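Everything on this sheet refers to the single structure shown next.
The values are calculated or read from the model by the stated rules, or taken from the named source; none is laboratory data. Since this is a predicted model, take the numbers as computed values, not measurements. Side chains are part of the model used for accessible areas, which takes the heavy atoms of the whole protein and leaves out ligands, DNA and RNA. Shrake-Rupley method; radii C 1.70, N 1.55, O 1.52, S 1.80 Å.
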Amino acid sequence: MKGCFLLQRKFAWLGHALALELKEKYGVREFCAYVQSRKAEHFLRARGDLKYTSLLVDEDIWPLYKTEKLDFAYLKKLEAEYGEPNLWKFLLVDRTIMMRIPPLEYSFRPSPLLNHEEMLRLLQVRFRATTKFLEKEKPDFLICSAVAGMSSRILYHVAKKMGIKTITIEPSRIKKFVTLSENYLRL
């Protein structure tokens, strides 16, 4: 059995510990991860207790939009598969792109970081990289800490479409418990 994790920033440490538990107690043999920060990637690569088959690093995907050619046929295909009714749900959820708010900073700048064409190219490169990653790794399940930005939402929806069991970890607001759900929109 193979597991995949979305390891966002500091969740990389917790996610790695969870992967070790799954390996030791439940016999999950292989792991891959979508990692959102270089610091988290370095932490995971430096660990000797668990080797990941592959790490897809968001910081490696981000700059690719600058040279990406806009492919309207591909975007139309994505919209048919994931649209409900269009692809803007993947962009609007991302506060960095839509309001120039860096992660962990809550100042407000009401102007988008990228123009319309750049947003579409970024959407393309993230969908392509995520799909390629999941097709190559073929995980049996995906564990996400939060589905709250463009990359995590794309990862979640592509995994669902591919039939990969998805599990989100949500705070329960009761003591220090968490809730596990197969749908990030509801418990």
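Taking all protein chains together and a 1.4 Å probe, the residues THR67, THR166, THR131 rank THR67, THR131, THR166 from largest to smallest accessible area.
Per-residue accessible area (protein heavy atoms, 1.4 Å probe) orders HIS16, HIS42 as HIS42, HIS16, starting from the largest.
The figure for MET1 is an accessible area of roughly 130 square angstrom, using a 1.4 Å probe on the protein chains alone. Proximity of backbone amide H atoms, modeled 1.01 Å from N, is registered between LEU113 and MET98, MET99, ARG100 at under 5 Å, excluding neighbours fewer than 5 places apart on the same chain. Dividing the radius of gyration of the alpha carbons in the chain by their Kirkwood radius gives 0.96 for Rg/Rh.
Taking each residue as 0.36 nm, the span from LYS76 to LYS132 lengthens on full extension beyond its C-alpha to C-alpha distance by 18.3 nm.
Subtracting the Cα-Cα distance of ILE167 and SER54 from their residue separation scaled by 0.36 nm leaves 38.7 nm. Ordered by 1.4 Å accessible area with all protein chains kept, GLU118, GLU137 run largest first as GLU118, GLU137.
Over the chain, what is the percentage of antiparallel beta bridges among all DSSP beta bridges, to the nearest 5? Taking every DSSP beta bridge with both residues in the chain, the antiparallel ones total about 20 percent.
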